[in-house]
Amino acid sequence: VQLQASGGGLVQAGGSLRLSCAASGRSFSSYASAMGWFRQAPGKEREFVAAISWNGGITQYVDSVKGRFTISRDNAKNTVYLQMNSLKPEDTAVYYCAADPILNRIRVGAPAHWGQGTLVTVSS
């Protein structure tokens, strides 16, 4: 399974970005995989940001992004998105996508598959 994240960049505080993560690989099926996003800020540990079940029926967020970030997916495109609004300087981090058949494995930070990161920088 390969996960390719994109969409990072530099944005001013209060702005928006949308991250995308495209999944591929013969063993991957969107219809059998929960997906999620993590982030790692400079000097800090990687933290869970959001996760979504295979059909989009369940979404989970870390408290610090609730009401500002929205996770969604398009199974026909094998892609998960993270819409980030009202960005704050403390959202600056490298964002990673992840996939696992079990949603809770993503929630506890132990997904089977990780993508490479995409850098989000929020200026004040």
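The values are calculated or read from the model by the stated rules, or taken from the named source; none is laboratory data. This structure is a prediction, so every number in the text was calculated from the model and none was measured. We place every Cβ from the backbone using ideal geometry, glycine too, and count neighbours over all the protein chains shown. Surface accessibility is based on the protein's heavy atoms, side chains included, excluding ligands, DNA and RNA. Shrake-Rupley method; radii C 1.70, N 1.55, O 1.52, S 1.80 Å.
When you check S27 against the structure, is it at negative phi, out of contact with any Lys or Arg (no Cβ under 6 Å at 6 or more places or on another chain), in a strand (DSSP E or B) and open to solvent by 10 Å² or more (accessible area, probe 1.4 Å), yes or no?
no
Regarding N104, is this residue modelled with pLDDT of 95 or more, over 11 Å from the mean Cα position of the chain (by Cα), open to solvent by 30 Å² or more (accessible area, probe 1.4 Å) and over 16 Å from S16 (Cα atoms)?
Numbers: modelled with pLDDT of 95 or more: yes; over 11 Å from the mean Cα position of the chain (by Cα): yes; open to solvent by 30 Å² or more (accessible area, probe 1.4 Å): yes; over 16 Å from S16 (Cα atoms): yes.
Yes; evaluated as a whole, the condition is true for this residue.
Say we look at the stretch 82-91 and pick out the residues that are under 14 Å from the mean Cα position of the chain (by Cα) and open to solvent by less than 30 Å² (accessible area, probe 1.4 Å); which of these is farthest from G7 (Cα to Cα)?
Out of the qualifying residues, it is D91.
Counting only residues that are surrounded by fewer than 20 Cβ atoms within 10 Å (Cβ to Cβ) and not charged (D, E, K, R), which one in the stretch 66-77 is farthest from V122 (Cα to Cα)?
A76
What are the pairs with Cβ atoms under 7 angstrom where one residue, in the stretch 61-74, is part of a loop (DSSP other than H, G, I, E, B) and the other, located anywhere, is at pLDDT 95 or above and β-branched (V, I, T)? Sequence gap at least six, or different chains.
If the second residue must be at pLDDT 95 or above and β-branched (V, I, T), the pairs left are V62/V49.
Taking the conditions exactly as written (among the hydrophobic types (A, V, I, L, M, F, W, C), open to solvent by less than 40 Å² (accessible area, probe 1.4 Å) and over 20 Å from V1 (Cα atoms)), does V62 satisfy them or not?
yes
Being part of a loop (DSSP other than H, G, I, E, B) and touching a Phe, Trp or Tyr at 6+ places or on another chain (Cβ under 8 Å) is the filter; apply it to the stretch 30-54 and report the residue that is modelled with the lowest pLDDT.
S33
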